[in-house]
Amino acid sequence: MITIYPFGIVGERQVRAFRLSVPGGFCATVLDFGATLQSLTVPGRKGSVDVVCGYDDIEGYLHAGGYQGATVGRFANRIAGARFDLNGKTYSLYANDGRNHLHGGKTGFSHRFWTAEPEDGPEPALRLTLHSPDGEEGYPGNLDVEVVYRLTKECGLSLSYRARTDGDTYLNLTNHSYFNLCGFASGSVLEHTLWADADRYCVPDGELIPTGELRPVDHTPFDFRTAKTLGRDFALTGGGYDHCLVFSDKPSGFCKRLELRAPSGGITMSVFTDQPAVQLYSANFMNDPIPFKGGYPQQFQHAVALETQHMPDSMHHPGFSDCLLKAGEVFLSTTEYRFFIF
Ligand code: GLA
């Protein structure tokens, strides 16, 4: 079932919230502003739990940092020096993270209105589309993007992305939800257990820009190939997880790459994706004064973002995943979050 309701005003335009639900208490609320996941309630042992951070009104999405629940692009994560060369031309982007470009710039996809089309049915879905004109935020190519949120029969939330451009461009799309499987207002996430099928990570510099080194995770805090709590090696990370983990080469394609588990017998979330990497971010900057839903104050490490994506700054590192979208090619990607109680 899909219900639609107003969610505030941006400029002259009404923001609409689309509540997708299926019997049993699994429900997702998505905003047409930023194609944003505002709420995700999952059946738990003691009723449904809202497992993603978000705001009760549009102000938080407009003015707080963090990109809570948003669809991020044209290029998610960072681009060094806010510029890149492509086909013999240099493109200058908006530097909104020091001297670097982050999450699509000043007004990236997370802060744009998308056109929403609900598709009700046994697996209710919301199709959101956006046109990003040539030159927007400095990027070349007229780009048409689509993301479809769908509740699946496996108690999953599927996000399917599709994009086409009429001019070569770089593209890196992700969803920036922050999860706490005990409920977004339940406290620290560091006792959650994470498994990740990642054997390397992008070594970052002091500006969180990759040096270009893909280092094996062996004997580092970034090794989650055997499940461990996020807190076990947290102190060894130098300020928290904000690192791009690179999935192992085998298997490839759409497969299970991550599993996040609540500490005390409860909800588990498996993440399936065809993306080559994930930014593991332990919400180290999550302390904006604007409170979350129900007035819950933002707090570092009270949720974790698992941003499946291409590698950051990949156009500047030949050994990184290829994020070039050529004119006329179609970009397709799917990430699915599947929930169950253990
Ligand atoms: C990504 C980045 C973090 C931070 C968040 C948004 O996760 O890697 O450094 O910028 O986005 O707050």
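If only one of Ala163, Ala227, Ala196 is out of contact with any helix residue (DSSP H, G or I) (no Cβ under 9 Å at 6 or more places or on another chain), loosely packed, with under 15 Cβ neighbours inside 10 Å and not aromatic (Phe, Trp, Tyr), which one is it?
Testing whether each residue is out of contact with any helix residue (DSSP H, G or I) (no Cβ under 9 Å at 6 or more places or on another chain), loosely packed, with under 15 Cβ neighbours inside 10 Å and not aromatic (Phe, Trp, Tyr) leaves just Ala227.
If only one of Arg83, Arg74 is at pLDDT 95 or above, in contact with a Gly (Cβ under 9 Å, 6 or more places away or on another chain) and either open to solvent by less than 10 Å² (accessible area, probe 1.4 Å) or small (Gly, Ala, Ser) (or both), which one is it?
From the options Arg83, Arg74, the qualifying one is Arg74.
Of the conditions (1) within 13 Å of the ligand (Cβ to nearest atom); (2) open to solvent by 20 Å² or more (accessible area, probe 1.4 Å); (3) part of a strand (DSSP E or B); (4) not polar (S, T, N, Q), Phe300 fails just one. Which one is it?
Of everything listed in (1) within 13 Å of the ligand (Cβ to nearest atom); (2) open to solvent by 20 Å² or more (accessible area, probe 1.4 Å); (3) part of a strand (DSSP E or B); (4) not polar (S, T, N, Q), Phe300 misses just condition (3).
I need a count of the residues in segment 267-285 that are outside any strand (DSSP E or B), within 12 Å of the ligand (Cβ to nearest atom) and at pLDDT 95 or above.
3
Among the residues of segment 60-73, are any within 16 Å of the ligand (Cβ to nearest atom), within 19 Å of Phe340 (Cβ to Cβ) and touching a strand residue (DSSP E or B) at 6+ places or on another chain (Cβ under 6 Å)?
no
List every residue pair whose Cβ atoms sit under 6 Å apart, with the two residues 6 or more apart in sequence or on different chains, where the first one lies in segment 66-90 and is under 21 Å from Phe285 (Cα atoms) and the second, anywhere, is among the acidic types (Asp, Glu) and within 14 Å of the ligand (Cβ to nearest atom).
The qualifying pairs are Arg78/Asp313; Ile79/Asp313; Ala80/Asp313.
Quick check on segment 91-106: of everything there that is out of contact with any strand residue (DSSP E or B) (no Cβ under 8 Å at 6 or more places or on another chain) and open to solvent by 60 Å² or more (accessible area, probe 1.4 Å), which residue is nearest to the ligand (Cβ to nearest atom)?
Within segment 91-106, the match that is nearest to the ligand (Cβ to nearest atom) is Gly98.
Mind listing whichever residues of segment 180-224 are assigned to a strand (DSSP E or B), within 15 Å of the ligand (Cβ to nearest atom) and either over 16 Å from Pro276 (Cβ atoms) or free of Cβ contacts under 8 Å to residues at least 60 places away in the same chain (or both)?
Tyr201, Val203, Pro204
Can you tell me which residue is farthest from Ala82 (Cα to Cα) among those in segment 120-138 that are touching a residue at least 24 places away in the same chain (Cβ under 8 Å) and not in a loop (DSSP other than H, G, I, E, B)?
Ala125
Pick from Gly294, Gly319: which is away from the ligand (no atom under 16 Å from the Cβ), assigned to a loop (DSSP other than H, G, I, E, B) and not polar (S, T, N, Q)? Spell out the reasoning first.
Details: Gly294 fails: assigned to a loop (DSSP other than H, G, I, E, B).
Among Gly294, Gly319, only Gly319 is away from the ligand (no atom under 16 Å from the Cβ), assigned to a loop (DSSP other than H, G, I, E, B) and not polar (S, T, N, Q).
The values are calculated or read from the model by the stated rules, or taken from the named source; none is laboratory data. Since the structure is predicted, the reported quantities are computational estimates derived from the model, not experimental observations. Cβ sites come from the backbone with ideal geometry, for glycine too, and all protein chains shown count toward neighbours. Each accessible area value is taken on the protein alone, full model and side chains, heavy atoms only, with ligands, DNA and RNA left out. Shrake-Rupley method; radii C 1.70, N 1.55, O 1.52, S 1.80 Å.
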